[in-house]
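Asks: One structure, pasted below without further comment.
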Amino acid sequence: MSPVQILSLLLAMSTALNIAITAGLLAHRAGAGVPQALLMGAGAAATGLGIYLAAVAAYR
């Protein structure tokens, strides 16, 4: 892998982690339990990462 590809993947992971934490905290503050908030965060991160990687694949 080239350095640009590695940096791109690191950026995608960082963005997905930020989305996950934000979604999980919002869900928990809205009244969801911890397990449900974790699932919400993981789902949001997976969705964001999937969209990002689909966009990268379409660009190639």
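The values are calculated or read from the model by the stated rules, or taken from the named source; none is laboratory data. Keep in mind that this is a model prediction, so the values were computed, not measured. Cβ sites come from the backbone with ideal geometry, for glycine too, and all protein chains shown count toward neighbours. SASA here: full protein model, heavy atoms, side chains in, ligands and nucleic acids out. Shrake-Rupley method; radii C 1.70, N 1.55, O 1.52, S 1.80 Å.
Asks: Is it fair to say Val34 is over 16 Å from the mean Cα position of the chain (by Cα) and within 13 Å of Val56 (Cβ to Cβ)? I'd like the intermediate steps shown before the answer.
Replies: Working: over 16 Å from the mean Cα position of the chain (by Cα): yes; within 13 Å of Val56 (Cβ to Cβ): no.
Against the criterion (over 16 Å from the mean Cα position of the chain (by Cα) and within 13 Å of Val56 (Cβ to Cβ)), Val34 does not qualify.
Asks: Tally the residues that are part of a helix (DSSP H, G or I) and either touching a Lys or Arg at 6+ places or on another chain (Cβ under 9 Å) or open to solvent by 30 Å² or more (accessible area, probe 1.4 Å) (or both), restricting the search to the stretch 21-35. Steps first, please.
Replies: Initial filter on the stretch 21-35 (part of a helix (DSSP H, G or I)): 21-29, 34-35.
Then keep just the ones that are either touching a Lys or Arg at 6+ places or on another chain (Cβ under 9 Å) or open to solvent by 30 Å² or more (accessible area, probe 1.4 Å) (or both); that gives 21-22, 25-26, 28-29, 34-35.
Going through the stretch 21-35 one residue at a time, the tally reaches 8.
Asks: Here's something else I'd like to know. Would you call Leu38 assigned to a helix (DSSP H, G or I), in contact with a helix residue (DSSP H, G or I) (Cβ under 8 Å, 6 or more places away or on another chain) and surrounded by 14 or more Cβ atoms within 10 Å (Cβ to Cβ)?
Replies: Working: assigned to a helix (DSSP H, G or I): yes; in contact with a helix residue (DSSP H, G or I) (Cβ under 8 Å, 6 or more places away or on another chain): yes; surrounded by 14 or more Cβ atoms within 10 Å (Cβ to Cβ): yes.
Here the answer is yes, as Leu38 does meet what is asked.
Asks: With respect to Met13, is the statement that it is open to solvent by 80 Å² or more (accessible area, probe 1.4 Å) and in contact (Cβ under 8 Å) with a residue 24 or more places away in the chain true? It would help to see each step written out before you state the result.
Replies: Working: open to solvent by 80 Å² or more (accessible area, probe 1.4 Å): yes; in contact (Cβ under 8 Å) with a residue 24 or more places away in the chain: yes.
Judged against the criteria, Met13 is a match.
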